[in-house]
Structure formats: C-alpha cells, structure tokens
Amino acid sequence: MSSNGETHVGRRAVLGMAALGAAGIAFGASIDNAVGGTLTRLSNDLGALGALVPGADEFRIYTVTGSIPVISPASYRLRVGGMVKSPLELSLDDLRAMKRTRLVHYFQCVTGWRVPSVHWEGVQLSEILSHAGATESATALRFLSGDGVYTESLTMSQAQLPDVLVADRMIGDDVTPDHGGPVRLYVAPMYGYKSIKWLDRIEVSDTVVPGYWENFGYPVNGWIGGVA
Amino acid sequence: MSLRIRQDEVARGATRGHNIWLDRFDVVERVVHWTTAILMLVLLATGAILYIPSLSIAVGHRAAVAGIHVFGGIALLLPLALGVAGPWRQRLLRDLRRLDCWSAADWEWFRRPGRRLGLARGKFNGGQKAEAAFVAGGMVVMLASGVIMGYAPARWIYWQQGATLVHDCGFVALGIGIAVHIYYGLTRPEQLRSMLTGRIPRSWAAKNAPVWAEEAESGQP
C-alpha cells in the first residue's frame, strides 16, 4: 500500500496469472487425462464451437501442403522398392488379404497433445518387408507421402518393431483423407510426425534420409519421451 | 455536426490562449501499442489455423504457418522491451505505473457501472487496468508455455502436455480478451483516435478522467 492509498494490483495480477500458468504446465497433463473424456463430449456437443474447447481428446489435422490429398481407395497402390528382392505394388485388397494386426495405443504429438486409446488396424510393416525381401545390406527405409512433399524415415531395426503398422483402418473406420487415408503409417513408440500420412511409396536403402519435420530440427529417432 | 462543435472549441480555446487538446500518448507508446497489436493479431490468426482442425485443413502449409507463429511469438515482447530500453521510455513507464496502481475508484468502476462518471478517475479506469494486466499476464503465460511446446527436451513430455493445455486455454482466453479490447476501442472513438494521434479533447478528460486532466495540465500527461 503506497501513501496515497493505491495498491500494486496490476503486477500482482500478472504474477498470479504466471503462477496459474506454471501450475497448469506442471499439473496440466494429469488434469487433461482426468477430464479429457468429459471435455471431448462437451466439444462434440458444441458443434462448430467445439473445436475451441481446450483439452478435448481430439486429433488436430496437420498437412504441410495447401490441401488434403484425396486418393481413391480403388486405384490406390502402395509401392515398395529399392533394395528389395521383389518390388511390390499392393492394392487395398492386397493389404486386407495379408496377416492383419490390431492395436489400441495413444497418438502423441511432439508438441504435447495426445489422443488416448486410438484403435489402429493394418499390416505390420515387418510383414510387408518380409514379402518384399530386403537385401542383406539394406539398413534404412524412406517413406514418401502422396502429398508430394512429406517424407519420413526409419532404420531397418525400427521397422521390424511389432507396433509399427501400415494402417488402413483407425478409430473403427477406414482411414479418412484427413487422417492420411486410404493408407498411412503408424509408428506407436514414436511421435506422430513419424506416422506419415497418405503413404505412397516405401524405398528400402542403406542410408537414413531425415524426413520432412526432421529438417526443421525434430529428432530423426522420434522416440516418445526421448528414450528407446 | 461534431466537426462544427470542435471548430467552435478550437476558436474558444485559441481566444483563451490554451490548447483544447491534452497529450495522452507519446509516439513511443503509440508505436509500442500498434506493433504489439499487429503481432498479437498475427499470433491469434496463425494460432487459430494451427489449433482449429477445419482451419488447419483449409489453409494447410503447416510448417510455414508454425514458423510465422513462432517468429511472431518471439517478436511479441520486442516492442515493449525496446520501448522501455532507452531514454524515450519516460511516458511509457509512467503509464505502466498508472496501470499497475489501483485506487478505490478503480474497484468502484466495477461495482457501480451506472455511476462511473462521478468517480475521481485517473488516466485509466479499472476496466482498462484489468485488461492491461490480463493481456500482460497472458503474454507471459503464452510465451512460457509456447517455448516449452516448441523447445523443451523430449523427456519433458508430461510438462509439454500441460503446456499444450495451458496454451490452448490461453488462446481462447486471450482471444476473448482482445475481442473485448477491440470492441471497447471501436465504440469509444475519442480514445481510439488518441491512440492514433496521441491527443484527446480536454473536455473528454474533464468528464471521464478528471484526476488525470489535472495531472496533464501540470505537465504529467
């Protein structure tokens, strides 16, 4: 209290907001996980305004080009080439005739948002690679998106993990164009940017070529939490 | 009509030998205000594109939009920091102190909105002080949570999720706060004009900020 009866309310309010923000950063993840389901229902009930509800367990739709590629499921072909004994061109029916894998796992974005308990379904990448038959000296894979810009990479040992899927179904439906359909990659142990959308081509090689976001500084080995 | 009145006032003021205008904001304050305002609008627009799925899909180009957003966020504090960094800061600092200090009249501004005119008000009223504190606090929170979202080490994943929640809440709150600020500005033309030209009619000050009118007359605008 200063001599003329005035108090420093302004700076206290700023400090109070900063403290509230710090508490939100410190404990927000627990709050988010506890009330995410409720907020998701609220978000869905609000219609167009629902997109503004923070903390809802919703996907944010990323695209690095000017539009969402719309690829016809009927004419879709996944091409697998490079250092393989038998290059493949797999239609959606081919993928659906292969050994199928289902898993339920969250989707984690490197910037911090996550969608819990997402249902994924498709063919293990290792299964596809066993059909193509990578050569002895092959150590890396490069993935190219149907958007013509986005790329991703995995090492051959990462590609063999059981929870790396070439997914054609998620959230109980065919993968929609917004989510990267008809076929996308899902790399469960890594951040979302590794799960390339509109998967068009897989090139097997002996060199890891850093992917799209990795050229902006994201780790090439995008393990969630930074550990293998 | 209003122009006629103003010309009459000018004539009267001239005959009495003093100006009918009071200096409200100097050029430093105005430049800080409008550069911060432009950056804030760029941040809200790019933030909306990054945050709201339908806008993300419509605009795309995520790397470019995110780049503008991050650059704008880092630049946001520059106008204010430069404004207080040199000898040109006197008026800006004085107004920041005014915004910080609350008198009984500022609380009363909230309690009795119908009788605001009778209050012994200084340069800023309670609502303006609340808005200033809210936007300043919001800038601190958004900068801190944004830096954690973009640059924290990978093992901070738990705090990154919290920072995302804070940043999302902050977007909605600041968006409402800025919309209120713009609404008040557009519905109060003398005050909006004073942020463009730096001066406000003495008659406005006598009616709406009598305590400040005296301060301004005695050389403390």
Q: Confirm whether A:V9 is at the interface with another protein chain (Cβ under 7 Å from one of its Cβ atoms) and more than 30 Å from A:M156 (Cα to Cα).
A: yes
Q | Members of region A:57-75 that are surrounded by 14 or more Cβ atoms within 10 Å (Cβ to Cβ) and either among the acidic types (D, E) or in contact with an Asp or Glu (Cβ under 9 Å, 6 or more places away or on another chain) (or both) | A | A:D57, A:E58, A:F59, A:I61, A:T63, A:V64, A:T65, A:I68, A:P69, A:I71, A:P73
Q | Odd one out for B:R121, checked against (1) within 7 Å of chain A (Cβ to nearest Cβ); (2) over 30 Å from A:S30 (Cβ atoms); (3) crowded, with 21+ Cβ neighbours inside 10 Å | A | (1)
**Q.** Candidates A:V164, A:V149, A:V187, filtered to the one that is over 30 Å from A:T38 (Cβ atoms), in contact (Cβ under 8 Å) with a residue 12 or more places away in the chain and buried (at least 21 other Cβ atoms within 10 Å of the Cβ)
**A.** A:V164
Q.
When you scan region A:212-222, do you find a residue that is in contact with a Ser or Thr (Cβ under 8 Å, 6 or more places away or on another chain) and away from chain B (no Cβ under 13 Å), even just one?
A. no
Q) How about region B:23-87: which helices (runs of 4 or more DSSP H) wholly inside it have at least 3 residues that are touching a residue at least 60 places away in the same chain (Cβ under 8 Å) and either out of contact with any Phe, Trp or Tyr (no Cβ under 8 Å at 6 or more places or on another chain) or of a type in the set (F, W, Y) (or both)? A) B:27-51
Q) What is the residue count in region A:107-127 for residues that are in contact with an Asp or Glu (Cβ under 9 Å, 6 or more places away or on another chain) and over 25 Å from A:P73 (Cα atoms)? A) 5
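Which members of region B:162-196 meet the condition of being touching a Phe, Trp or Tyr at 6+ places or on another chain (Cβ under 7 Å) and either hydroxyl-bearing (S, T, Y) or at the interface with chain A (Cβ under 10 Å from one of its Cβ atoms) (or both)? Step through it out loud before you land on a result.
So in region B:162-196, the residues touching a Phe, Trp or Tyr at 6+ places or on another chain (Cβ under 7 Å) come out as B:162, B:164, B:168, B:171, B:177, B:190, B:194-195.
Within region B:162-196, B:G162, B:T164, B:D168, B:F171, B:S194 qualify.
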Q: Please tell me if B:I178 is surrounded by 15 or more Cβ atoms within 10 Å (Cβ to Cβ), within 15 Å of the chain's Cα centre (by Cα) and either of a type in the set (F, W, Y) or modelled with pLDDT of 95 or more (or both).
A: yes
**Q.** Those residues of region A:152-161 which are over 12 Å from the mean Cα position of the chain (by Cα) and surrounded by 17 or more Cβ atoms within 10 Å (Cβ to Cβ), in sequence order
**A.** A:S153, A:L154, A:M156, A:Q158, A:A159
Q. Say we look at region A:23-54 and pick out the residues that are within 30 Å of B:D100 (Cα to Cα) and surrounded by fewer than 18 Cβ atoms within 10 Å (Cβ to Cβ); which of these is farthest from the other protein chains (Cβ to nearest Cβ)?
A. A:A23
Q: Could you tell me which numbered condition B:A105 fails, if it satisfies all but one of (1) more than 17 Å from A:R11 (Cβ to Cβ); (2) at pLDDT 95 or above; (3) small (G, A, S)?
A: (2)
Q | Identity of the residue in region A:91-132, within 30 Å of B:C169 (Cβ to Cβ) and aliphatic (A, V, I, L, M), that ends up nearest to the other protein chains (Cβ to nearest Cβ) | A | A:V110
Q) Considering only residues of region A:76-127 that are in contact with a Phe, Trp or Tyr (Cβ under 8 Å, 6 or more places away or on another chain) and among the polar types (S, T, N, Q), which is surrounded by the fewest Cβ atoms within 10 Å (Cβ to Cβ)? A) A:S117
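The values are calculated or read from the model by the stated rules, or taken from the named source; none is laboratory data. Everything numeric in this text was worked out from a predicted model, so none of it was measured. Backbone-built Cβ (ideal geometry, glycine too); neighbour counts: all protein chains shown.
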